[in-house]
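K.L.:
Have a look at this one before I ask anything.
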Amino acid sequence: IETDHIADLERALQAAAPAVIAEYSNLADANRAPEFHVDLRPAALGYELLRELELLEPFGSGMPEPVFRLRGVKPAKIKYMSEGKHARFALRGAPAYLDCVAWRLGPEIAAAEAQGQALDVYGSLEMSYFAGRSRLQLRIDRVNAVV
């Protein structure tokens with residue numbers, strides 16, 4: 001675009017923006033959200049990936065937080081919390097400093113553990129701050145037993 005026409009372009013974009021935003025807002029239906037964005041191996045879940053994700057922030061409306069799928073993983077060192085409602089564990093093949101937390105998914109994880117089944121895990125990478133300590137954490141939103 002020629003420099004003389006930048007102001008015209010700005011006015012045209014501002015005039016068109018409400019219609020475009022309304023159209024895309026209608027597509028933000030939770031039922032249309034992807035199950036996950038990227039397949040990863042447990043070894044990829046480290047501080048380097050978190051730093052790269054931070055470059056994409058802020059997440060929110062129109063820019064969802066990336067959800068990762070890890071296929072056929074086995075939890076290790078599982079600790080159940082709140083009478084089995086939640087679970088905290090490590091993942092085989094992931095860095096030792098990574099914690100995994102699965103809020104409200106304890107029963108599903110316990111069932112897979114009892115059957116010796118691997119899991120497909122869906123979650124987001126984040127820093128956890130608790131009691132003055134910070135740790136890298138995979139917040140697990142959903143699991144499926146692999147049969």
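K.L.:
Among (1) open to solvent by 70 Å² or more (accessible area, probe 1.4 Å); (2) modelled with pLDDT of 85 or more; (3) under 27 Å from the mean Cα position of the chain (by Cα), which single condition is Arg11 missing?
P.N.:
Against the list (1) open to solvent by 70 Å² or more (accessible area, probe 1.4 Å); (2) modelled with pLDDT of 85 or more; (3) under 27 Å from the mean Cα position of the chain (by Cα), Arg11 comes up short only on (3).
K.L.:
Related question: Could you say which residue among Glu52, Glu65 is in a loop (DSSP other than H, G, I, E, B), within 16 Å of the chain's Cα centre (by Cα) and not basic (Lys, Arg)? Break it down into steps so the answer makes sense when it comes.
P.N.:
Values: Glu52 fails: in a loop (DSSP other than H, G, I, E, B).
Answer to the selection: Glu65.
K.L.:
Further question on the same structure: Among residues belonging to region 116-133 that are surrounded by fewer than 15 Cβ atoms within 10 Å (Cβ to Cβ), assigned to a strand (DSSP E or B) and of a type in the set (A, V, I, L, M, F, W, C), point out the one that is modelled with the highest pLDDT.
P.N.:
Looking at residues that are surrounded by fewer than 15 Cβ atoms within 10 Å (Cβ to Cβ), assigned to a strand (DSSP E or B) and of a type in the set (A, V, I, L, M, F, W, C), I get Met127.
K.L.:
Whether any residue in region 75-87 is closer than 13 Å to Leu138 by Cα and free of Cβ contacts under 8 Å to residues at least 60 places away in the same chain is what I want to check.
P.N.:
Taking every residue of region 75-87 in turn, at least one turns out to be closer than 13 Å to Leu138 by Cα and free of Cβ contacts under 8 Å to residues at least 60 places away in the same chain.
K.L.:
Can you tell me which residue among Gly132, Gly106 is touching a His at 6+ places or on another chain (Cβ under 6 Å) and of a type outside the set (D, E, K, R)? Outline the logic, then answer.
P.N.:
On the way: Gly132 fails: touching a His at 6+ places or on another chain (Cβ under 6 Å).
Checking each option against the conditions leaves just Gly106.
K.L.:
Mind telling me which of the residues Glu83, Glu108, Glu113, Glu35 ends up being assigned to a loop (DSSP other than H, G, I, E, B), open to solvent by 80 Å² or more (accessible area, probe 1.4 Å) and within 26 Å of Val147 (Cα to Cα)?
P.N.:
Values: Glu83 fails: within 26 Å of Val147 (Cα to Cα); Glu108 fails: assigned to a loop (DSSP other than H, G, I, E, B); Glu113 fails: assigned to a loop (DSSP other than H, G, I, E, B).
Glu35 is the lone residue from the list that is assigned to a loop (DSSP other than H, G, I, E, B), open to solvent by 80 Å² or more (accessible area, probe 1.4 Å) and within 26 Å of Val147 (Cα to Cα).
K.L.:
Anything in region 42-70 that is in contact (Cβ under 8 Å) with a residue 40 or more places away in the chain and surrounded by 14 or more Cβ atoms within 10 Å (Cβ to Cβ)? List them, or say none. Talk me through it step by step, then tell me what you get.
P.N.:
From region 42-70, those in contact (Cβ under 8 Å) with a residue 40 or more places away in the chain are 42-43, 45-47, 49-50, 53, 65-70; that's our starting set.
Matches in region 42-70: Pro42, Leu45, Gly46, Leu49, Leu50, Leu53, Glu65, Pro66, Val67, Phe68, Arg69, Leu70.
K.L.:
Is it the case, given these coordinates, that Tyr24 is modelled with pLDDT under 85 and either open to solvent by 80 Å² or more (accessible area, probe 1.4 Å) or part of a helix (DSSP H, G or I) (or both)? Steps first, answer last, please.
P.N.:
Details: modelled with pLDDT under 85: yes; either open to solvent by 80 Å² or more (accessible area, probe 1.4 Å) or part of a helix (DSSP H, G or I) (or both): yes.
For Tyr24, the condition - modelled with pLDDT under 85 and either open to solvent by 80 Å² or more (accessible area, probe 1.4 Å) or part of a helix (DSSP H, G or I) (or both) - is met.
The values are calculated or read from the model by the stated rules, or taken from the named source; none is laboratory data. Keep in mind that what you see is a predicted model, and the values were worked out from it rather than measured. Heads up, the Cβs are rebuilt from the backbone with ideal geometry, glycines too, and the neighbour counts pull from every protein chain shown. Calculation scope for accessible area: heavy atoms of the full protein, side chains included, ligands and nucleic acids excluded. Shrake-Rupley method; radii C 1.70, N 1.55, O 1.52, S 1.80 Å.
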